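To start, the structure under review is shown below, and the notes come after it.
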Amino acid sequence: MDQSTKPPRKVGIADHIWDAFEEMASHMGSDRDALINQAMFMFARLNGFIDSSGQARGNGPPPMRIAAPTPSASRGPPPVLAPVKEAPRPPTAPQKLDDDPVRREVAERVLETAAELERLIKGKNQAEEEPGLDEAVDSPDAGPEAAGGHLYLMAEGGELDRITKDRFVIGRGKHCDFVINSGKVSREHAVITREGVEHYIEDLGSSNGTWFNKQRIKRRKVEDGDEYYICSEKVKLVFR
């Protein structure tokens with residue numbers, strides 16, 4: 001029988017679904033009834049009642065169970081199909097972050113941005129709270145930083161990096177405060193911490209170690225002019 005000669009069929013559709021298709025048709029420049037028919041076709045096909053050629057299957061899967069309407073809901077929206085249970089997927093081994101270069105790069109960028117923001121905020125706060133030179137020298141608790149200046153990290157190239165944070169991280173990761181681009185250096189290799197007026201350098205369990213005077217160290221108080229080796233990369237700590 002020609003589809004155009006078939007009598008129209010009445011289907012109960014909830015108001016919010018009808019409104020949604022009305023809005024979709026308006027945005028897409030399409031016919032509302034065509035969208036509804038397409039949605040019904042895809043639902044029947046996904047559940048195995050229509051084959052790839054678009055023909056109905058005579059011995060397809062058993063009909064889906066319809067939720068029986070309750071007396072109190074007789075004037076409400078029409079009954080809906082019971083949800084289709086998704087077939088369980090085989091478990092997959094969790095993927096480590098370092099195994100995915102894209103995710104690793106995104107994570108490093110996020111950490112680098114967070115570290116830069118923290119560095120800027122910390123520097124601004126210290127600039128506002130930092131006492132004048134005379135006040136620092138006259139203070140009874142003045143240590144080497146107060147009397148002689150601030151702590152700087154000097155790389156082999158001679159450039160200085162002022163340490164303004166209470167926790168200054170050295171490593172290969174882009175989020176570190178001092179980045180050493182070497183495969184021998186750990187992602188977070190060592191850290192310089194400030195405790196009161198004293199500074200300490202501490203190894204963070206790196207593979208190739210942190211060295212001072214040819215000895216591997218775990219933690220050591222920083223003195224003016226100390227030279228340390230982060231793996232094979234030399235850095236010098238000075239007060240100025």
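The values are calculated or read from the model by the stated rules, or taken from the named source; none is laboratory data. Since we're looking at a predicted model, the values are computed, not measured. Note: accessible area is taken over every heavy atom of the protein model, side chains too, but ligands, DNA and RNA are not part of it. Shrake-Rupley method; radii C 1.70, N 1.55, O 1.52, S 1.80 Å.
Key figures for this structure:
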{"quantity": "Of all accessible heavy-atom area on the range 151-224, the percent that carbon and sulfur account for (1.4 Å)", "calculated": "42 percent"}
{"quantity": "Heavy atoms of Val238: accessible area, 1.4 Å probe, square angstrom to 10", "calculated": "10 Å²"}
{"quantity": "Accessible surface, per residue, of the range 163-231 when the full set of protein chains is kept, probe 1.4 Å, Å²", "calculated": "51 Å²"}
{"quantity": "With DNA, RNA and ligands ignored, accessible area of His16 (1.4 Å probe; Å², nearest 10)", "calculated": "130 Å²"}
{"quantity": "Exposure of Met42 as accessible area (Å², to 10), given a probe of 1.4 Å and all protein chains", "calculated": "80 Å²"}
